[in-house]
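Visitor: Could you have a look at this structure, given as structure tokens, before my questions?
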Amino acid sequence: VCSLVEAIHYETLEETYQVQRCFTGKDRVCDTTYKVDTTTKDDYQCCDVETPNCYMEEKTINDVTCTNTVEFNCRRDKSAKNDGDGQSDVVCDRVPKQDCYNIPRKIQVEVCKTDIHRYCEKFS
């Protein structure tokens, strides 16, 4: 589950400016013209914007299935009293056994990564 949280972070930018000092002077003005060249510079405020990028990805998981069984180890009991009929008792031991195996299965999982974009706004 993804959610979007907006947070604004401001970045301070350096701005260059000129300081002009004025003084009174006497110059000889005889057909003198001055051409003033000006350059304008735009001011920008920029910040990094984090955007979630989510997509579905296929993953394989294993379902484990186990079978519990009992094996019997049987043998004739020699210590039993033989009453002459030729039959002896049979004694069996119970041996529990568990067999497990994996069953692979594919599922869809949402994966999210964060993309960072630089956003700038012009201030004039």
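The values are calculated or read from the model by the stated rules, or taken from the named source; none is laboratory data. Because the structure is a prediction, the values reported are computed rather than measured. Note that we place each Cβ from the backbone using ideal geometry, even for glycine, and neighbour counts take in every protein chain shown. Heads up: the accessible areas ignore ligands, DNA and RNA and are worked out on the full protein's heavy atoms, side chains in. Shrake-Rupley method; radii C 1.70, N 1.55, O 1.52, S 1.80 Å.
Visitor: So, with +1 on the Cβ of K and R and -1 on the Cβ of D and E, and no other charges, what is the size of the charge dipole of the chain about its Cα centre, to the nearest 20 debye? Write out the running numbers ahead of the final one.
Guide: Values: 17 positive and 24 negative charges, 58 e Å.
It works out to roughly 280 debye.
Visitor: Set Lys and Arg Cβ to +1 and Asp and Glu Cβ to -1, take the dipole of the chain about its Cα centre, and tell me which of T65, T39, V91 lies farthest positive.
Guide: After comparing all options, I get V91.
Visitor: Of the labelled options (1) 154, 25, 22; (2) 54, 42, 21; (3) 55, 32, 23, which one gives Cα extents along the principal axes in Å as computed for this structure?
Guide: Correct label is (1).
Visitor: Still on this model: So with the 1.4 Å probe, I'd like the accessible area per residue for the chain, rounded to whole Å².
Guide: Result: 102 Å² per residue.
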